[in-house]
Amino acid sequence: MLTTPDTLFALEDNQGADTPRAPKVVARAALYADVVFDRPLDHAYTYAVPDDLVAKVGVGKRVEVPFGKGGKATTGFCVGVSHEPPDNGYEIKSVARVLDDDAIVDDHLMKLTRWMADYYLCGWGQVLHAVVPAGARENAGTRVASFVEPLPKEKLPNPLPTVTPQQKTALEKLKKEGRPLEMLQLARLAKCTTGVVAGLVKKGLVRKFSERIETEAAAPSEDTDALAKPQAPLELNADQSRVWEQLKGALATGGYHPFLLHGVTGSGKTEVYLRAIEEVVKQGKEVIVLVPEISLTPQTLSRFAGRCGNLAVLHSHLTDAERGGYWRRVATGHIQVVVGARSAVFAPTRKLGLIVIDEEHENSFKQESTPRYHARDVAVMRARLEGIPILMGSATPSLESWANAERGAYTVLSMPNRVESRPLPAVKLIDLRHEPKTPGKHGAIGPTLEDAMRKTLKAKGQIILLLNRRGFSTHVHCEACGHVAQCAHCDLALTFHRTKSALVCHYCGFETAPFQKCPACEQPSMRYQGLGTEKLQAEIEEKFPGNVCQRMDSDTMQKPGSHQRVLDAFRDGLIHILVGTQMIAKGLDFPNVTLVGVVNADVGLHLPDFRSAERTFQLLAQVAGRAGRGDKGGQVLVQTFTPEHPCITLASHHNYGEFAKLELVHRKQHKYPPYERMARLIVRSEKEDAASAFADTLAGAFKDALKRVPAPSGFVALPSAQPTDTPAPRATVRLLGPAECPVFRLNNFYRFHFQLQSESSAVLHDVLRTVLAVAKPPGGVEFQVDIDPYSML
């Protein structure tokens, strides 16, 4: 049995489920169904299919079966059927019900989810449960309606029964419509009750049948038709034309072709996406477009809707009914283009022809709950399994993708110039160690940045300021005894939010009132320090009265439509200064923005994470790209205490190639991805001793497993590299831990972690499977496995 993330309670509830007892003996069946469940189980269970369900059961449908010690009715997915019973010596239970008329998972998604279960070390049923949205599983947004239709003459009773005047009117209305009508709808048309219509059914004059139909609740909340103003294709420049010619050939021939589109900010990558999408739609095929959640703005969507035919937009704010409605429309071929965040990679397209991933480097494509998949890697595997091209674009590609391109696994399409030959903005680094100190109160905005802001506003330009930290004061401590305000449930400092007048934990959401006195020494000496977007906005409003400043972060953008209202006001010139976190760094195109300021480039740079330099470079490069997109040009000012750091220096020169070269040398020296595969295993418990003891137990299991490291079996396909038939040499596995996690306590759980690295994905998986097969956590302890982790805290 595989023990996977977030599965402690599933293990306890179903303990012994994989040790079948002898249930009631059933006669040999004509058909047997293999069923998987939303449980951490590494195999399917076989059930006999009763004769009356043989015609209904099928792969990709959900079934209800008895499961576990008490034979509790449990829903699972049918993943296989056979005419031969399993040869395991156990009696077989029977399928109780088939829950779906049609398969809700097709063969392509079956193969993809099987690979995901193997690669991410979780149950196949867990993957299927995550892939199919609740709205589709529960038929949200639908209802069963009763319809009636007139019978043909040969099926009418003879002699014809007499009818009442109301029944005669209803029958005439139904015949005039020439199509089946709901009983209630017909009653309204005939101005009678449904009892009158039921009388026609009873007399054999009309046929009654039931059908599941969509409700109004399943209609999308966004009016994509309103967004779909026809837009003519733009004229391609030299870079775009060269890239399009390379891409067009692959779209015409089909087959698996992974492309990495490396184009600087403002180079016109979106127009290339749109040309590719239009070409595939003309072929009668569908397209999946993955974008980061924060990029799903009407500005972005309007460009797709105006060029791409029927469009579905999938994001986290959809209701179950809306999500279920989209799933059904995509599955029935009514949607040509699916645009959405990471879960859109599972859209049930009938004839997929292309996958596009914008901002492929984005961390938000990694899911942090079971199954812990990366949407980019899953998309690459789906493209390979379905034999179609995939186009991944970014101004700052992930180093994993860049390394794949360097070794020939991906084809690089380069767009090094901005459209209309506009120059990239000049970037100036401001060394805060030597910045002149102004008399009086010191703020976040230094003299150099402040002077540039005043000149920009005087010239009627607009300003974007990035500070990737929200709140007002990020550090609250006592000057008398040194006590730091910490979360009651996590080893994290609380952040003061002035708007809500509360100290808030940004991880678990814990809130408490601000301290008037120190809770440790009871002295009135609490000091509120540190800088967040809320304090930055207050400083701007004080220094630049008469100018409108708006903040965009997860605190201010919670209401539906708030994101777009702010961007519309900014585009119309009603907002002069836009302050925000990373959500303002990507995808915004405002020609009047002539100054971009980075208030503190060092936020996140010194975290205990091997990707911190890469993330800092990407964020700086992306936000710098918001400037200079119009005829006025633009400049970027970056405040930092470490201007000599390569990621900051090279970002200021827009030199991704040199940064990637240096960072890849560093990764190779320390055997980090993309040169070795990595897995992280976290043990957690609300009792520190219990977590520590089980971590020691796991350490012993790893020690034994590493003594028997096998040669790579090769059955686990790498998600972002070409397969090879060349036998790999015997691989090694490097194990670090157990050790306390950098953030030891989170949400009341004490956490210890292991880190495993190997040049062979297959060997890494073999070791983990060996350990997980023998490591059984005690009550109150669970552990999580993360393949290719992105969060190291």
Those residues of segment 569-590 which are more than 30 Å from the chain's Cα centre (by Cα) and open to solvent by 40 Å² or more (accessible area, probe 1.4 Å), in sequence order: ASP572, LEU574, HIS576
Regarding LYS366, is this residue touching a residue at least 12 places away in the same chain (Cβ under 8 Å), surrounded by fewer than 23 Cβ atoms within 10 Å (Cβ to Cβ) and under 21 Å from the mean Cα position of the chain (by Cα)? yes
Within segment 442-456, can you find the residues that are open to solvent by 30 Å² or more (accessible area, probe 1.4 Å) and either outside any loop (DSSP other than H, G, I, E, B) or in contact with a His (Cβ under 8 Å, 6 or more places away or on another chain) (or both)? PRO447, THR448, GLU450, ASP451, ARG454, LYS455
Note down all Cβ pairs under 9 Å where the first residue falls in segment 273-287 and is aromatic (Phe, Trp, Tyr), the second is buried (at least 20 other Cβ atoms within 10 Å of the Cβ), and they're at least six residues apart or on different chains. TYR273/LEU261; TYR273/VAL289; TYR273/PHE304; TYR273/VAL356; TYR273/ASP358; TYR273/LEU391; TYR273/GLY393
Taking interchain pairs and intrachain pairs at least six residues apart, which have beta carbon atoms under 6 angstrom, with the first residue in segment 149-172 and part of a strand (DSSP E or B) and the second open to solvent by 60 Å² or more (accessible area, probe 1.4 Å)? GLU149/ARG207; PRO150/LYS175
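Considering only residues that are part of a loop (DSSP other than H, G, I, E, B) and either open to solvent by 40 Å² or more (accessible area, probe 1.4 Å) or modelled with pLDDT under 90 (or both), which ones fall in segment 760-779?
We begin by selecting, within segment 760-779, every residue part of a loop (DSSP other than H, G, I, E, B); these are 760, 775-779.
Of everything in segment 760-779, those that are part of a loop (DSSP other than H, G, I, E, B) and either open to solvent by 40 Å² or more (accessible area, probe 1.4 Å) or modelled with pLDDT under 90 (or both) turn out to be ALA775, LYS776, PRO778, GLY779.
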Please determine whether any residue of segment 431-441 is touching a residue at least 60 places away in the same chain (Cβ under 8 Å), of a type in the set (Val, Ile, Thr) and open to solvent by 10 Å² or more (accessible area, probe 1.4 Å). no
Any hit, segment 604-613, residues being open to solvent by 30 Å² or more (accessible area, probe 1.4 Å), farther than 22 Å from THR265 by Cα, among the aliphatic types (A, V, I, L, M) and part of a loop (DSSP other than H, G, I, E, B): yes
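For (1) among the basic types (Lys, Arg); (2) free of Cβ contacts under 8 Å to residues at least 60 places away in the same chain; (3) surrounded by 21 or more Cβ atoms within 10 Å (Cβ to Cβ), each residue gets a yes or a no:
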site	(1), (2), (3)
TYR672	no, no, no
GLU676	no, no, yes
SER692	no, no, no
ALA699	no, yes, no
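Among the residues of segment 337-351, which ones are closer than 21 Å to LEU251 by Cβ and open to solvent by less than 50 Å² (accessible area, probe 1.4 Å)?
Step one: of segment 337-351, the residues closer than 21 Å to LEU251 by Cβ are 337-339, 344-345, 347, 349-351.
The answer is VAL337, VAL338, VAL339, ALA344, VAL345, ALA347, THR349.
How many of the residues making up segment 68-102 are aromatic (Phe, Trp, Tyr) and more than 30 Å from ALA331 (Cα to Cα)? Let's see the steps before the verdict.
Kept after step one, since they are aromatic (Phe, Trp, Tyr), are these residues of segment 68-102: 77, 90.
Those still in the list that are more than 30 Å from ALA331 (Cα to Cα) too: 90.
Qualifying residue count, segment 68-102: 1.
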Tell me which residues, restricted to segment 232-276, are among the β-branched types (Val, Ile, Thr), within 22 Å of LEU290 (Cβ to Cβ) and modelled with pLDDT under 95. VAL264, THR265, THR270
Considering residues that are in contact with a helix residue (DSSP H, G or I) (Cβ under 7 Å, 6 or more places away or on another chain) and either modelled with pLDDT under 75 or not in a helix (DSSP H, G or I) (or both), the number found within segment 292-302 is 5
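Against the definition (hydroxyl-bearing (Ser, Thr, Tyr), assigned to a loop (DSSP other than H, G, I, E, B), open to solvent by less than 10 Å² (accessible area, probe 1.4 Å) and touching a strand residue (DSSP E or B) at 6+ places or on another chain (Cβ under 7 Å)), how does THR396 come out, yes or no?
no
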Please count how many residues of segment 243-294 are open to solvent by less than 10 Å² (accessible area, probe 1.4 Å) and of a type in the set (Val, Ile, Thr). 8
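Quick grid of which residues meet (1) touching a Pro at 6+ places or on another chain (Cβ under 7 Å); (2) basic (Lys, Arg):
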{"residue": "ALA395", "(1), (2)": "no, no"}
{"residue": "GLU406", "(1), (2)": "no, no"}
{"residue": "VAL412", "(1), (2)": "no, no"}
{"residue": "SER421", "(1), (2)": "no, no"}
{"residue": "LEU429", "(1), (2)": "yes, no"}
{"residue": "LEU432", "(1), (2)": "no, no"}
{"residue": "LYS437", "(1), (2)": "no, yes"}
{"residue": "THR448", "(1), (2)": "no, no"}
{"residue": "ALA459", "(1), (2)": "no, no"}
Here's a check for you: in segment 131-148, which residue that is within 18 Å of ARG382 (Cβ to Cβ) and in a loop (DSSP other than H, G, I, E, B) is most open to solvent (accessible area, probe 1.4 Å)? PRO133
Hits in segment 112-130 - residues which are open to solvent by 10 Å² or more (accessible area, probe 1.4 Å) and aliphatic (A, V, I, L, M): ALA130
State all residues of segment 485-503 that are open to solvent by less than 10 Å² (accessible area, probe 1.4 Å) and assigned to a loop (DSSP other than H, G, I, E, B); if no residue qualifies, say none. ALA485, CYS487, CYS490, LEU494
Looking at (1) in contact (Cβ under 8 Å) with a residue 12 or more places away in the chain; (2) surrounded by fewer than 20 Cβ atoms within 10 Å (Cβ to Cβ), find the lone condition where GLU658 falls short. (1)
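This table checks each residue for (1) among the small types (Gly, Ala, Ser); (2) at pLDDT 95 or above; (3) in a loop (DSSP other than H, G, I, E, B).
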residue	(1), (2), (3)
SER364	yes, no, no
ARG376	no, yes, no
ARG384	no, yes, no
ALA409	yes, yes, yes
Name the one entry in ALA480, ALA459 that is farther than 29 Å from ALA624 by Cβ, at pLDDT 90 or above and either of a type in the set (Gly, Ala, Ser) or surrounded by 15 or more Cβ atoms within 10 Å (Cβ to Cβ) (or both). ALA480
Just need a number here: residues in segment 25-71 that are open to solvent by less than 40 Å² (accessible area, probe 1.4 Å), part of a helix (DSSP H, G or I) and out of contact with any strand residue (DSSP E or B) (no Cβ under 9 Å at 6 or more places or on another chain). 0
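Say whether the condition of being aliphatic (A, V, I, L, M), modelled with pLDDT of 95 or more and in contact with an Asp or Glu (Cβ under 8 Å, 6 or more places away or on another chain) is met by at least one residue in segment 58-65.
The initial filter retains those residues of segment 58-65 that are aliphatic (A, V, I, L, M), namely 59, 63, 65.
This time we only want the ones that are modelled with pLDDT of 95 or more, so: 59, 63, 65.
Then drop every residue that is not in contact with an Asp or Glu (Cβ under 8 Å, 6 or more places away or on another chain), which leaves 59.
Scanning segment 58-65 turns up at least one residue that is aliphatic (A, V, I, L, M), modelled with pLDDT of 95 or more and in contact with an Asp or Glu (Cβ under 8 Å, 6 or more places away or on another chain).
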Scan segment 72-94 and tell me whether some residue there is open to solvent by 20 Å² or more (accessible area, probe 1.4 Å), farther than 25 Å from ALA347 by Cβ, touching a Gly at 6+ places or on another chain (Cβ under 9 Å) and among the charged types (D, E, K, R). yes
Would you tally the residues in segment 628-645 being open to solvent by 20 Å² or more (accessible area, probe 1.4 Å) and in a loop (DSSP other than H, G, I, E, B)? 10
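The values are calculated or read from the model by the stated rules, or taken from the named source; none is laboratory data. On a predicted model such as this, the values are computed, not experimentally measured, just so you know. Methodologically, a virtual Cβ is constructed for each residue, glycine included, from the backbone with ideal geometry; neighbour enumeration extends over all protein chains shown. Accessible surface areas use protein heavy atoms only, side chains included; no ligands, DNA or RNA. Shrake-Rupley method; radii C 1.70, N 1.55, O 1.52, S 1.80 Å.
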